[in-house]
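Below is one structure, written out as structure tokens, with a few remarks after it.
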Amino acid sequence: MADNNALSALIQNLRRLPGVGIKSAQRMAFHLLQHDRDGAQLLSRALEQAVLQVQHCEQCHTFTESSICETCSDATRDPSKLCVIETPADQSAVERTAAYRGLYFVLMGKLSPLDGIGPKDIGLQKLFERASNGVVQEVILATNFTAEGEATAHVISEGLKNRGVHVTRLARGVPVGSELEYVDLGTIAHAFVDRR
């Protein structure tokens with residue numbers, strides 16, 4: 001395949017996607033070129049348009065085509081609640097629950113000193129300023145329950161400690177519909193500690 005530069009480039013660039021290895025990238029490339037050239041053109045145009053038009057919301061950092069996203073400009077949202085999440089995908093997951101009607105701050109990552117990601121890289125100063133604007137009464141830390149997510153939540157909590165804002169963390173526990181014998185021990189332990 002050394003003489004097929006365009007195909008090789010397509011395969012290598014498909015590998016940039018998370019969870020896509022060489023075999024998956026080859027399958028995608030071969031499928032698009034063999035069975036769905038129209039789909040490949042549509043995908044190419046959609047990707048180009050997204051790169052050109054999608055930007056970060058000036059208030060919450062999520063993806064939007066406007067300077068202020070739809071959620072931040074929604075007057076029915078409760079501006080006294082600010083949910084801090086790692087990614088727009090996390091925001092989408094919270095929105096699908098229809099259980100939260102406040103606003104968001106999307107970090108676009110998490111603290112990870114080993115990867116060179118520090119507080120400035122995820123906009124913590126902007127978060128602290130927004131949380132201290134006099135409108136926000138509660139900051140809900142909804143970072144992931146990974147080591148980096150926990151560290152990020154801790155740093156945010158400490159940074160907001162003396163700013164007159166109530167800080168809460170998402171509860172951890174046993175998933176609905178699960179059986180205890182199949183739940184990992186860490187989750188069971190946290191469920192006991194966080195019981196209500």
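The values are calculated or read from the model by the stated rules, or taken from the named source; none is laboratory data. This is a predicted model, so every value here is computed, not measured. Note that each Cβ is placed from the backbone with ideal geometry, even for glycine, and that neighbours are counted across all protein chains shown. The accessibility values were calculated without ligands, DNA or RNA, using every heavy atom of the protein model including side chains. Shrake-Rupley method; radii C 1.70, N 1.55, O 1.52, S 1.80 Å.
Filtered by the rule that a residue be aliphatic (A, V, I, L, M) and in a loop (DSSP other than H, G, I, E, B), region 4-19 gives a lone residue, L17. Residue-level analysis places S24 outside the set of residues that are open to solvent by less than 80 Å² (accessible area, probe 1.4 Å), at pLDDT 95 or above and within 18 Å of P88 (Cα to Cα). Among the residues of region 42-53, none qualifies, meaning not one is under 26 Å from T143 (Cβ atoms), out of contact with any Leu (no Cβ under 8 Å at 6 or more places or on another chain), open to solvent by 30 Å² or more (accessible area, probe 1.4 Å) and part of a loop (DSSP other than H, G, I, E, B). With out of contact with any Gly (no Cβ under 6 Å at 6 or more places or on another chain) and more than 28 Å from T146 (Cα to Cα) as the only criterion, which of L43, L82 stands out? Among L43, L82, only L43 is out of contact with any Gly (no Cβ under 6 Å at 6 or more places or on another chain) and more than 28 Å from T146 (Cα to Cα).
Evaluated against (1) closer than 25 Å to Q49 by Cβ; (2) in contact with a helix residue (DSSP H, G or I) (Cβ under 9 Å, 6 or more places away or on another chain), S66 falls short on exactly one condition, (2). Of all the criteria given as (1) open to solvent by 30 Å² or more (accessible area, probe 1.4 Å); (2) at pLDDT 90 or above, the one not satisfied by G116 is (2). Just one of (1) surrounded by 16 or more Cβ atoms within 10 Å (Cβ to Cβ); (2) part of a loop (DSSP other than H, G, I, E, B); (3) modelled with pLDDT of 95 or more fails for K110. It is (3). Within region 144-156, residues that are over 14 Å from F128 (Cβ atoms) reach partners that are part of a helix (DSSP H, G or I) and open to solvent by less than 60 Å² (accessible area, probe 1.4 Å) with beta carbons closer than 8 Å, at six or more positions or on different chains, in the pairs N144/D90.
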